[in-house]
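Participant: Below is one structure. I have some questions about it.
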Amino acid sequence: MKSIIDTHTHLDEILDVPSLLASCASLGVGELIVAGTDLKSNQRHCDIRKQHVLASPRIHLALGLHPGNIVALADTEDCLCFIREHIHEAIAVGEMGLDYHYKWVKEDEDKKCAQKDVFARQLAMAKEFDRPAIIHSRGAYRDALTMAKASGVKKANFHWYTGPIDVLKDILDAGFFVCVSPSLEYSPEARAVAEFTPFDRILVETDTPVRGWKPMDVWRTLKLLSALKGVAEEELLVVVNRNAQAFFSL
Ligand SMILES: [Zn+2]
């Protein structure tokens, strides 16, 4: 059976994980990269991975602290400690990054500083342990790229990137990747990004459970990307799987 990798999914937010994983296996979603967003979510993903004994889908951990979850200082420290302690179980660090989309962040320099501090510390961990960085950059595209470059990480994936094309150009020039989601269906920004990005820098994802998507919707991402790029789905599948395997050292 054909098999695809969903490179960005949040299983911790799913109620019935075993039945979702069974559907993944029967629908050819052979591998999942589960991205943590706070301490609880990272712990839950570690547990899900341990409890999941079936061969398919393979579950790979990314441990991270999402910029939207930086609230209490003690929680931040606990989460960063957990990531460090469990880094040997993880293939990547993330979901990390910056998000200036919210009005209360946009207008508050202290909140931006707190996000930058936590992002810098996760980038430093990615560099120290030689793991790729999974980056959330909504509304903070240029700052996120500047920090990723300054950190010296070798691999960075700007997940669900819908920012400006000039920043995208610099992301690609830096050797980094972008990831596209089923939002290719409705988002002109997402489509512009997919059109501009060369085949060897594209990954596919769902960001489950955003908009009710599930990991099998990664096939929709593939189908939409195939139509946009004018390349057969079978050919594109080989390319995106190869990209994911190389990027995450699977
Ligand atoms: Zn996400």
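The values are calculated or read from the model by the stated rules, or taken from the named source; none is laboratory data. Values in this document were obtained by computation on a predicted structure and should not be read as measured data. Quick reminder, even Gly has a Cβ in these numbers, built from the backbone with ideal geometry, and neighbours come from all protein chains shown.
Participant: Only one residue in 208, 221 is of a type in the set (Val, Ile, Thr), touching a strand residue (DSSP E or B) at 6+ places or on another chain (Cβ under 7 Å) and in contact (Cβ under 8 Å) with a residue 60 or more places away in the chain, so which one is that?
Facilitator: Exactly one of 208, 221 is of a type in the set (Val, Ile, Thr), touching a strand residue (DSSP E or B) at 6+ places or on another chain (Cβ under 7 Å) and in contact (Cβ under 8 Å) with a residue 60 or more places away in the chain, namely 208.
Participant: Are there any pairs, at least 6 apart or on different chains, whose C-beta atoms fall under 9 Å, with the first in the range 119-136 and within 16 Å of residue 34 (Cβ to Cβ) and the second within 15 Å of the ligand (Cβ to nearest atom) and at pLDDT below 95, and if so, which?
Facilitator: Between residues of the range 119-136 that are within 16 Å of residue 34 (Cβ to Cβ) and residues that are within 15 Å of the ligand (Cβ to nearest atom) and at pLDDT below 95, the close pairs are 136/68.
Participant: Would you mind listing the helices (runs of 4 or more DSSP H) fully within the range 150-250 where at least 2 residues are of a type in the set (Val, Ile, Thr)?
Facilitator: 165-173, 218-229, 233-248
Participant: Checking residue 65 against (1) closer than 30 Å to residue 29 by Cα; (2) surrounded by fewer than 22 Cβ atoms within 10 Å (Cβ to Cβ), which test does it fail?
Facilitator: (2)
Participant: Does residue 105 satisfy the condition of being in a loop (DSSP other than H, G, I, E, B) and over 14 Å from the mean Cα position of the chain (by Cα)?
Facilitator: No; evaluated as a whole, the condition is false for this residue.
Participant: Closer than 27 Å to residue 69 by Cβ, crowded, with 24+ Cβ neighbours inside 10 Å and without any contact (Cβ under 8 Å) to a residue 24 or more places away in the chain, is that true of residue 176?
Facilitator: For residue 176, the condition - closer than 27 Å to residue 69 by Cβ, crowded, with 24+ Cβ neighbours inside 10 Å and without any contact (Cβ under 8 Å) to a residue 24 or more places away in the chain - is not met.
Participant: State all residues of the range 68-102 that are in a helix (DSSP H, G or I), small (Gly, Ala, Ser) and either crowded, with 21+ Cβ neighbours inside 10 Å or more than 16 Å from the ligand (Cβ to nearest atom) (or both); if no residue qualifies, say none.
Facilitator: The answer is 74, and nothing else.
Participant: Further, regarding this structure: Scan the range 113-172 for residues that are crowded, with 20+ Cβ neighbours inside 10 Å and among the small types (Gly, Ala, Ser) and jot them down.
Facilitator: Within the range 113-172, 126, 133, 137, 140, 144, 148, 156, 163 meet the criteria.
Participant: Between 38, 47, which is on the phi < 0 side of the Ramachandran plot, more than 16 Å from the ligand (Cβ to nearest atom), of a type outside the set (Val, Ile, Thr) and modelled with pLDDT of 95 or more?
Facilitator: 47
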